[in-house]
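K.L.:
Before anything else, here's the structure in question.
Throughout, read-outs are computed from the coordinates displayed, never taken from laboratory work. None of these values were measured; they are calculated from a predicted model. All Cβ positions, glycine included, derive from the backbone under ideal geometry; neighbour counts span all protein chains shown.
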Amino acid sequence: MTAKEILLEDFDTEMANTRRILERIPEDKPEYKPHAKSFAIGKLSMHVATLPIFAKYIMTMSGMDLANSDLPRPDLVFRTRDTLLATFEQSLNEAKTALATVSEAALAERWKFCFGEHVISNDTRSKTYRNMFLNHLIHHRAQLGVYLRLNDIPVPGLYGPSADEPFNP
């Protein structure tokens, strides 16, 4: 299996799991946050829904300097669950297309991610994709799982059973 095939396989699994969390985001509490330092659930869910666009950038750009970028900033305003899911579908489709078309050689190239002189990452494109996009997405998705639990909304079992979705052979 090539590196790209492995990344695509993981992408499909993680996007399906992400969709299962986003489908449960409550429409009536977009400003809910478990702590004053936390993102509101609506903003965090929109961040998760738009993160795949960053994966597209990693696959299609030679690097990224956030201090000098003219890329559009994602709209993180939560409107409805349907809008959230449509935003997610569009961003994941763009990311998957970019991932499916990247070459193995490009995956092995360095991809510098910085904010002006501050280097955030300067690893291979594939490692940057995994750390700065995929792990980042999984981290925020887990936060959303906690938000759901704190609001008595069933948490899906993403890698096996959850307290709300027990294993039933």
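K.L.:
Under a 5 Å amide H to amide H cut-off, with H placed in plane at 1.01 Å, what residues pair with Met64 once short-range neighbours are removed?
P.N.:
Lys112, Phe113, Cys114
K.L.:
Next question, about the same structure. Pick from Asp75, Asp152, Asp65: which is most flexible by mean-square fluctuation in a GNM of the chain where alpha carbon atoms under 10 Å apart are linked?
P.N.:
Highest fluctuation of the listed residues: Asp152.
K.L.:
Give me the angle, in degrees from 0 to 90, between the Cα long axis of helix 135-150 and the longest principal axis of the Cα atoms of the chain, rounded to the nearest 10.
P.N.:
Tilt of helix 135-150: around 10 degrees.
K.L.:
State the number of lysine pairs found in region 3-150 whose Cα atoms come within less than 16 Å, restricting to pairs 8 or more positions apart or on distinct chains.
P.N.:
9
K.L.:
Right, here's the next one. Neighbouring Cβ atoms within 10 Å as the yardstick, rank Ser121, Ser45 fewest first.
P.N.:
Ser121, Ser45
K.L.:
Provide the gained length on full extension for the span Ala36 to Gln90, in nm with one decimal, where the gain is 0.36 nm per separating residue minus the Cα-Cα distance.
P.N.:
On the way: separation 54, 0.36 × 54 = 19.44 nm, distance 3.10 nm.
Answer, rounded to one decimal: 16.3 nm.
K.L.:
Moving to a separate point now. Once fully extended, how much extra length lies between Glu165 and Met61, figured as 0.36 nm per residue of separation less the alpha-carbon to alpha-carbon distance?
P.N.:
33.4 nm
K.L.:
Let me ask something else about it. Express the relative contact order of region 20-83 as a whole percentage, based on alpha carbon pairs under 8 Å and six or more residues apart in sequence.
P.N.:
42
K.L.:
Can you give me the angle between helix 41-60 and the longest principal axis of the chain, using Cα atoms only, in degrees from 0 to 90, rounded to the nearest 10?
P.N.:
For helix 41-60, the angle is close to 20 degrees.
K.L.:
Mean residue ellipticity at 222 nm from the helices of the chain, using -39,500 (n - 2.57) per DSSP H segment of n ≥ 4 over the full residue count, to the nearest 500 deg cm²/dmol?
P.N.:
-16500 deg cm²/dmol
K.L.:
Same structure, new question: Lys/Arg Cβ at +1, Asp/Glu Cβ at -1, dipole of region 3-150 taken about the Cα centre: which of Leu51, Ser126, Leu7 is farthest positive-ward?
P.N.:
Toward the positive end, the furthest listed residue is Leu51.
K.L.:
Starting from the Cα-Cα distance between His139 and Ala16, subtract it from 0.36 nm times their residue separation and give me the gain in nm to one decimal.
P.N.:
Stretched fully, the His139-Ala16 segment lengthens by 42.8 nm.
K.L.:
Nothing charged except the Cβ atoms of Lys and Arg (+1) and of Asp and Glu (-1): what's the magnitude of the dipole of region 3-150 about its Cα centre? Round to the nearest 20 debye. Intermediate results must be reported in sequence, preceding the final value.
P.N.:
Values: 20 positive and 19 negative charges, 95 e Å.
Dipole about the Cα centre, nearest 20: 460 debye.
K.L.:
What is the helix-to-structure angle for 81-101, meaning the angle in degrees between its Cα long axis and the longest Cα principal axis of the chain, kept from 0 to 90 and rounded to the nearest 10?
P.N.:
Here the helix axis deviates by roughly 30 degrees.
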